């Protein structure tokens, strides 16, 4: 049976987030660093979230990758089981699970034997061209978690993360948040 890997480029860079998503212990030794060629990381996935300790729902913007010629996105790969892919599909319910095996470059590895999957937002959960920055917000907690995780991967990884991530001008909201879907929230 062929090995399967997940390529994480946002919250799945964070070990605690990945542990919750996969339901098992993970440390940095389980991860491979890599780059997916032909995709750009940008702030374009939208989800309604509930601000912690309140009844306020907002449109939060999260990281996504989308096809773009002459672009690349760095991230991490981890070997996963079919059950773990199913867990991730429930967690990433607004994203399509796509095969990027032909577009992946692994650092410090000659050959990666297996299929590589990642998640890219479904069209109906992407920012609309007519959306304004006043309608959408970036959760500071999410952005800081991803930046911290990228820093923990090392100086070169962090520099490439910054270089390959489109900037945003959305207003930020401090504090924690929850996904409205309880199953999705339980896997975060």
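Scanning region 79-92 for residues that are under 16 Å from residue 121 (Cα atoms), crowded, with 16+ Cβ neighbours inside 10 Å and touching a helix residue (DSSP H, G or I) at 6+ places or on another chain (Cβ under 8 Å) yields 88, 91.
Kindly establish whether residue 38 is surrounded by 14 or more Cβ atoms within 10 Å (Cβ to Cβ), touching a helix residue (DSSP H, G or I) at 6+ places or on another chain (Cβ under 7 Å), touching a residue at least 60 places away in the same chain (Cβ under 8 Å) and assigned to a strand (DSSP E or B). In short, yes.
Among 27, 52, 102, which is more than 12 Å from the chain's Cα centre (by Cα), modelled with pLDDT under 95 and under 26 Å from residue 178 (Cβ atoms)?
Values: 27 fails: under 26 Å from residue 178 (Cβ atoms); 102 fails: under 26 Å from residue 178 (Cβ atoms).
On inspection, the qualifying residue turns out to be 52.
Considering (1) at pLDDT below 95; (2) out of contact with any strand residue (DSSP E or B) (no Cβ under 6 Å at 6 or more places or on another chain), the lone condition that residue 166 does not fulfil carries the number (2). The helices (runs of 4 or more DSSP H) found entirely in region 135-188 that carry 3 or more residues being over 26 Å from residue 87 (Cα atoms) and in contact (Cβ under 8 Å) with a residue 40 or more places away in the chain are 155-164.
Against the test of being within 22 Å of residue 72 (Cβ to Cβ), in contact with a strand residue (DSSP E or B) (Cβ under 8 Å, 6 or more places away or on another chain), surrounded by 15 or more Cβ atoms within 10 Å (Cβ to Cβ) and at pLDDT 90 or above, the options 146, 138 yield a single qualifying residue, 146.
The values are calculated or read from the model by the stated rules, or taken from the named source; none is laboratory data. These numbers were taken from a predicted model, which means no experiment stands behind them. Note that each Cβ is placed from the backbone with ideal geometry, even for glycine, and that neighbours are counted across all protein chains shown.
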